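**Q** Got a structure for you, written out below as structure tokens; questions coming shortly.
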Amino acid sequence: MHTHLRPLSFGEILDSAFSLYRRHFVPLFITTLIPLVPTSVVSGILTQQVAVDTAAAPDSFSLALIPILIISALASVVMWAALAREVGEAWTGREVSVADGYRHGLRAFFPILGAAIVAYILIVVAFMFIGIVAAILGGVVGGIAGAAVGGGAIAVVLVPIFILVLVAFLVGVSALFGVLPAIVIEKLGPFRAIGRSVSLARGALPRVTGIVMVAWLIVMLPLMGGMLLTGGFAAVTDPAAIPSMGQIWLQQLVNSVIGALTTPFLVASIVILYFDRRVRTEALDVQLAADALAVG
């Protein structure tokens, strides 16, 4: 019987993700390293070549990195799916295997890619709609405020609108938290997985958003620190700045190590949150207990 399959608090979900990661550190870490090492080496070589080729045209450096980012993103899809499989197996008391994780990760590649494309389109459309409404509302309110008390008050009026738009965007993205585990664990297609995720998040969107954002920040802060220390933000802040060969390889090494150490925690948080929502909305713990008794 899976005694840990019960409703968990906000903190318990994050703590459980840490605990699960510690117990299965080796397979989860190896799973993350498998695509990161070759893609980092290839990215380093290509980035080095791009830096040389664009030395005479620095403005094209950032644009030339797009293929590298695409390769890394595609490799990450399989890795995330493999991690989701392994975390799901660990959380339900089964054996964790890197090979098993990647077998299921490869099978889930196209459904996840399809879901990502559909989700991206939905987010863009929703964001455009929210942006249009916010712009109209901001224009009306700002015009009234400007006419009444002067132009300086417009910024004060528009800030809350901007915050509301940002919150709506984060909530919308967080509502898709369950797409990955729904595809990997339940073997759903792209559209059904998106619907499944939204259904599981319904009624608990603030909590789901909070957990996803906290887990994401825990992962992103070390990555941003590594980029800051190795000059990784230079290409963004100053497109004309071309890193040296030493900087390129140092950035690849640091990003790979930090990514390998932090990504399993983020996936574990998402998968455990997914199981928690199933326990709360579907009594998954009771179902599994009944199945275990039936088998016994």
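**Q** Order by neighbour count: W249, W91, fewest other Cβ atoms within 10 Å first, most last.
**A** The most exposed by this proxy come first: W249, W91.
**Q** Per 0.36 nm of contour for each residue apart, how much would the distance between A135 and R23 grow if the chain were fully extended, relative to their Cα-Cα spacing?
**A** So the chain would gain 35.4 nm between A135 and R23.
**Q** For the range 164-227, treating each Cα as an identical point scatterer without solvent, what Debye log10 I(q)/I(0) comes out at q = 0.11, 0.24, 0.26 1/Å?
**A** After summing over all Cα pairs, the log10 values are -0.30, -0.97, -1.03.
**Q** Order 264-277, 163-176 from most to least packed using the mean count of other Cβ atoms within 10 Å.
**A** Top of the packing list down: 264-277, 163-176.
**Q** Still on this structure, I have one more. Between F109 and L164, with labels modelled 7 Å along Cα→Cβ, what's the label distance in nm to one decimal, could you check?
**A** 4.5
**Q** To continue, here is another question. When Lys and Arg each count +1 and Asp and Glu each count -1, what net charge do the other residues less than 14 Å away from P181, Cβ to Cβ, add up to?
**A** +1
**Q** Using Cβ contacts closer than 10 Å as the measure, can you line up E282, E95 from fewest to most?
**A** By the 10 Å Cβ count, ascending: E95, E282.
**Q** Go through 7-16, 192-201 and give me the packing order, highest mean Cβ count within 10 Å leading.
**A** Going from most to least packed, we get 192-201, 7-16.
**Q** Now for a separate question. For the residues I211, I117, what sequence is obtained by ranking on other C-beta atoms within 10 Å, fewest first?
**A** I117, I211
**Q** If I stretch the segment between A99 and V257 completely, what's the gain in nm (0.36 nm per residue apart, minus their alpha carbon distance), one decimal?
**A** 54.8 nm
Each reported figure results from applying straightforward, stated rules to the coordinates on display, with no laboratory input. Small disclaimer: the values here were computed from a predicted structure and weren't measured. Ideal geometry is used to build each Cβ from the backbone, glycine not excepted, and the neighbour counts take in all protein chains shown.
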